[in-house]
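First comes the structure, then the notes that go with it.
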Ligand code: SF4
Ligand code: SF4
């Protein structure tokens with residue numbers, strides 16, 4: 001860990017109002033400033049790694065809202081994540097971690113096969129029966145929670161159905177590579193199909209290499225830096241074999257990780273790869289003038305939730321709003337604390353349900369206050385978390401990926 005990053009904190013406290021866990025607890029130990037101080041003392045050997053201390057650190061969502069607020073460029077979330085990664089790296093991967101991070105996640109075929117029983121469970125009607133009978137209450141809490149969060153799965157993952165080359169409609173203006181995020185392909189395949197369709201409609205030839213692997217974010221989360229580098233090497237080499245102008249993703253988490261490959265790996269190829277990565281909203285915003293002519297009216301009240309990985313990690317805030325405001329007839333309503341975390345944060349909502357629920361409730365209250373009938377966002381974790389939360393009410397709010405809504409407007413007769 002870079003010690004200089006730790007000593008840059010001047011303890012001003014400007015990050016405190018931005019931190020979701022501080023806003024819920026008002027505890028210094030649950031604030032970015034407190035976390036930087038704890039990691040620093042641990043690095044300096046003035047504190048021992050007690051369970052209680054690690055517990056404080058594990059409450060961090062790694063949402064990086066603190067980094068956006070800090071005038072000194074300190075990123076408490078990243079520092080905590082790096083510290084955790086180093087600590088786990090020293091301890092080595094446990095049996096289950098090794099199984100998930102090395103034997104499952106980097107192999108799309110295995111990952112897809114592992115979801116097949118869930119598809120049968122949902123489609124056979126067993127899920128409805130299990131829920132009605134309350135059987136899940138007999139299972140461990142994390143399992144019950146995971147089951148409750150899982151949205152309806154598509155009949156097949158997008159990776160298995162999308163052609164490797166989608167031609168441009170009309171005059172070709174360029175070629176892009178499309179990065180299929182694991183969760184987007186497995187769960188939100190229709191949103192990614194819409195992304196590819198929009199790119200094609202705007203004149204891009206879209207190459208979706210079938211052999212691409214997970215971006216490596218779960219490895220980073222699990223402290224498996226070597227696993228992350230392995231994933232990065234595979235993707236850099238694979239996409240390097242295609243002559244593309246950009247590498248586009250519609251998954252905020254993947255985009256943030258792909259843009260860091262150049263930092264994780266030595267050599268020009270990784271830096272070149274990262275330099276080409278764009279969130280879909282960045283590409284679409286380049287064609288705002290054209291889209292303005294093509295989009296047709298949608299009479300909806302819409303608000304936008306900034307995924308942490310898009311707003312704080314990639315600094316993208318204007319483009320999604322600009323795109324939504326291009327849709328004629330759309331009543332756009334700005335969301336209070338729009339870039340505050342929704343509590344999903346990887347597997348945080350499973351591992352830290354109490355804090356995740358508090359953070360989520362604040363988000364849901366803010367969304368409901370807008371009066372919107374549709375919430376737009378652009379990250380699978382947020383989609384899962386908010387779909388569940390906003391459906392469970394007398395007045396359900398639709399939750400959509402930004403490309404789904406844009407394509408809908410494109411297709412209106
Ligand atoms: S992390 Fe940044 S904003 Fe927070 S107390 Fe330190 S210097 Fe101030
Ligand atoms: S990453 Fe998020 S939860 Fe963690 S310290 Fe920063 S603002 Fe707080």
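What follows draws every value from the coordinates through simple rules; no lab data is involved. All values derive from a computational prediction rather than experimental measurement. Glycine also receives a Cβ, built like all others from the backbone with ideal geometry; neighbour counts cover every protein chain displayed.
Between 0 and 90 degrees, rounded to the nearest ten: what's the tilt of helix 189-201 against the longest Cα principal axis of the chain?
50 degrees
Once fully extended, how much extra length lies between residue 28 and residue 351, figured as 0.36 nm per residue of separation less the alpha-carbon to alpha-carbon distance?
Working: separation 323, 0.36 × 323 = 116.28 nm, distance 2.16 nm.
Extending this stretch completely gives an extra 114.1 nm.
If I take R0 = 30 Å and measure r between the Cβ atoms of residue 98 and residue 137 in this structure, what FRET efficiency does the formula 1/(1 + (r/R0)^6) give, to the nearest 0.05?
Approximately 0.45, to the nearest 0.05.
Which residue, 174, 223, 134, has the most motion in a Gaussian network model of the chain that connects Cα atoms within less than 10 Å?
Result: 134 has the largest fluctuation of those listed.
Cα gyration tensor of region 234-334, axes a ≥ b ≥ c as square roots of the eigenvalues: rounded (a/c below 1.5), prolate (a/b > b/c) or oblate?
It is prolate, given that a/c is not under 1.5 and a/b is the larger ratio.
Using the alpha-carbon atoms, what tilt in degrees (0 to 90, nearest 10) does helix 108-123 show relative to the longest principal axis of the chain?
Helix 108-123 sits roughly 80 degrees off the main axis of the chain.
Which whole number in µm²/s is D for region 211-273 by Stokes-Einstein, with the Kirkwood Rh taken over Cα pairs at 10 °C and 1.306 mPa s? If you can, show how the numbers build up before the last one.
Working: Rh = 11.7 Å.
My calculation gives 136 µm²/s for D.
Would region 261-413 count as rounded, prolate or oblate if I go by the C-alpha gyration tensor, calling it rounded below 1.5 in a/c and otherwise prolate when a/b exceeds b/c, oblate otherwise?
The shape class here is oblate.
Modelling each spin label as a point 7 Å along the Cα-to-Cβ direction, I'd like the residue 211/residue 163 distance in nm, to one decimal.
Simple spin-label model gives 2.2 nm for this pair.
Work out how much length residue 3 to residue 296 would gain on full extension: take 0.36 nm times their residue separation and subtract the Cα-Cα distance, in nm to one decimal.
100.2 nm
Sorted from fewest to most neighbouring beta carbons within 10 Å, what does the list 196, 280, 310, 207 look like? Walk me through the numbers before you get to the answer.
On the way: 196 24, 280 31, 310 28, 207 19.
Ascending Cβ contact count within 10 Å gives the list 207, 196, 310, 280.
Rounded if a/c is under 1.5, else prolate if a/b is larger than b/c, else oblate: which is region 158-284, with a ≥ b ≥ c the root eigenvalues of its Cα gyration tensor? Could you put the intermediate results ahead of the total?
Values: a/c = 2.02, a/b = 1.48, b/c = 1.36.
The shape class here is prolate.
Normalised by the number of residues in region 158-284, what is the relative contact order in percent for Cα pairs under 8 Å and 6+ residues apart? Each step should come with its number before you reach the end.
Numbers: 216 pairs, mean separation 34.1, N = 127.
Averaging sequence separation for qualifying contacts and normalising by length gives 27 percent for region 158-284.
Per 20 Å bin, what percent of the C-alpha pairs of the chain does each bin hold, from zero upward?
Final binned percentages: 25, 60, 15, 0.
Could you please rank 124, 281, placing first whichever residue has the fewest other Cβ atoms within 10 Å of its Cβ?
With the fewest neighbours first, 124, 281 line up as 124, 281.
At a threshold of 8 angstrom on Cα-Cα distance, excluding pairs fewer than six apart, so keeping six or more, what relative contact order does region 255-379 reach in percent?
28 percent
Using the alpha-carbon centroid of each, what span in Å lies between region 341-411 and region 9-81?
Using only Cα atoms to place each centre, the spacing works out to 26 Å.
So what is the relative contact order for the chain, in percent, with contacts set as C-alpha pairs under 8 Å and at least six apart?
Numbers: 662 pairs, mean separation 60.2, N = 413.
Once divided by the residue count of the chain, the mean separation gives 15 percent.
Convex hull volume of the Cα atoms in region 249-305, per residue, in Å³?
92 Å³
How much mean residue ellipticity at 222 nm does the chain get from its helices, if each DSSP H run of length 4 or more adds -39500 (n - 2.57) and you divide by all residues, to the nearest 500 deg cm²/dmol?
Helices in the chain give a 222 nm mean residue ellipticity of -15000 deg cm²/dmol.
Obtain the nm distance between the two label points defined at residue 408 and residue 266 by a simple spin-label model: each point lies 7 Å from its Cα along the Cα-to-C-beta direction.
Calculated label separation equals 5.0 nm.
Would you mind getting me the FRET efficiency between residue 44 and residue 373? Use the beta-carbon distance for r and R0 = 56 Å, nearest 0.05. All intermediate terms of the calculation are to be shown ahead of the outcome.
On the way: r = 52 Å, r/R0 = 0.94.
That gives a FRET efficiency of 0.60.
What FRET efficiency comes out for residue 286 versus residue 394 if R0 is 51 angstrom and r is the Cβ-Cβ distance? Round to the nearest 0.05.
With a Förster radius of 51 Å, E is 0.80.
Taking the DSSP beta bridges in the chain as the whole, what percent of them are antiparallel, to the nearest 5?
That works out to approximately 10 percent antiparallel.
With 10 angstrom as the radius, rank 107, 287, 309, 263 by how many other C-beta atoms surround their C-beta, starting from the fewest.
Ranked by crowding around the Cβ, least crowded first: 263, 107, 287, 309.
Kindly state, as a whole number, the per residue volume in cubic angstrom of the convex hull around the alpha carbon atoms of region 95-149.
In region 95-149, the Cα hull volume divided by residue count equals 89 Å³.
Just to be sure I understand the model, the point goes 7 Å from the Cα along the line to the Cβ. What's the resulting residue 366 to residue 11 distance in nm?
Result: 2.9 nm between the two label points.
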